[in-house]
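In what follows, a structure is listed as structure tokens, so that the remarks can point back to it.
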Amino acid sequence: MAIKQGDKVRVHYTGTLGDGTEFDSSRNRAPLEFTLGEGSIIPGFEKAVTGHETGDKIKVVIPPEDAYGDADPDLIFTVARAQVPDSIPLKVGTPLQLSNEQGAMDVVITEVGPEEITLDANHPLAGKELVFEIEVVDVANK
């Protein structure tokens with residue numbers, strides 16, 4: 001039966017960027033399991049499997065608006081180097097978690113200058129077109 005809203009779906013997938021760089025795969029672990037329509041996965045992935053059946057293999061290109069959205073320039077900001085504890089390596093690509101009274105925020109160091117560092121709080125895949133190869137392993141219709 002075709003996958004529809006409310007169905008429990010299990011899939012294996014490999015996700016790559018447009019240049020072929022793999023960013024995630026379920027191939028060496030248990031299949032991804034989700035209920036279609038609950039919003040636990042990106043909208044483009046849900047759209048890709050809708051209407052398919054067990055055994056189907058799908059290749060889909062998902063634009064940013066159906067994945068993690070466009071990168072938000074307001075989520076890129078600088079802080080003084082002096083504000084960063086000495087125990088944290090000031091190296092481009094280092095992930096950090098900032099905390100304040102509003103909660104926690106994951107960021108990545110994107111630039112290190114003599115007086116300040118630049119941090120990016122966007123999702124790492126924001127603004128990127130994603131390519132997924134999906135194999136429907138199982139569907140439990142509601």
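The values are calculated or read from the model by the stated rules, or taken from the named source; none is laboratory data. Keep in mind that what you see is a predicted model, and the values were worked out from it rather than measured. All Cβ positions, glycine included, derive from the backbone under ideal geometry; neighbour counts span all protein chains shown. These accessible areas exclude ligands, DNA and RNA; they are computed on the full protein's heavy atoms, side chains included. Shrake-Rupley method; radii C 1.70, N 1.55, O 1.52, S 1.80 Å.
A prolate overall shape is assigned to the chain, the ratio a/c of its alpha-carbon gyration tensor axes (a ≥ b ≥ c) being 1.5 or greater and a/b exceeding b/c. Residues LEU36, LEU98 ordered from highest to lowest accessible area at a 1.4 Å probe: LEU98, LEU36.
Placing dummy labels 7 Å off each Cα toward the beta-carbon, the span from SER40 to GLU65 is 2.8 nm. Once the Cα-Cα distance is subtracted from the 0.36 nm per residue extended length, the HIS123 to VAL108 segment shows a gain of 4.4 nm. To the nearest 10, the accessible area of ILE41 is 30 Å² with a 1.4 Å probe.
Per residue, the average separation of C-alpha pairs within less than 8 Å and at least 6 apart gives region 19-142 a relative contact order of 32 percent. Sorting SER26, SER40 on solvent-accessible area from highest to lowest, probe radius 1.4 Å, gives SER40, SER26.
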